[in-house]
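One structure is given here, and the rest of the page talks about it.
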Amino acid sequence: MAVTDYHSLAAQARSDADAATLSNVRDRCLRAEAAWLAMAKRQDLTDTARARREAAAADARAERLSDEAE
């Protein structure tokens with residue numbers, strides 16, 4: 001599964017908005033930027049939670065192995 005870089009997509013949408021000459025196009029690009037940023041925030045939260053879970057699992061495995069070795 002490919003990981004989407006939502007921050008880059010948001011930056012591109014902002015760049016497109018800045019370059020737009022029509023207000024409706026600028027507004028559409030700004031809405032797209034807001035959507036990409038919301039997705040980026042959710043992805044960041046998910047990545048952080050996953051890293052915490054993986055660290056906790058690794059700690060639990062190390063503790064279990066330590067207990068078995070005793």
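The values are calculated or read from the model by the stated rules, or taken from the named source; none is laboratory data. Worth saying up front: this structure is predicted, and the values here are computed from it rather than measured. Cβ sites come from the backbone with ideal geometry, for glycine too, and all protein chains shown count toward neighbours. In case anyone asks, the SASA skips ligands and DNA or RNA and just uses the protein heavy atoms, side chains included. Shrake-Rupley method; radii C 1.70, N 1.55, O 1.52, S 1.80 Å.
Data overview
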read-out	value
Count of the range 40-70 residues which are within 14 Å of His7 (Cβ to Cβ) and open to solvent by less than 60 Å² (accessible area, probe 1.4 Å)	2
Subset of the range 13-34 (residues that are in a helix (DSSP H, G or I) and loosely packed, with under 14 Cβ neighbours inside 10 Å)	Ser15, Asp18, Ala19, Ser23, Asn24, Val25, Asp27, Arg31, Ala34
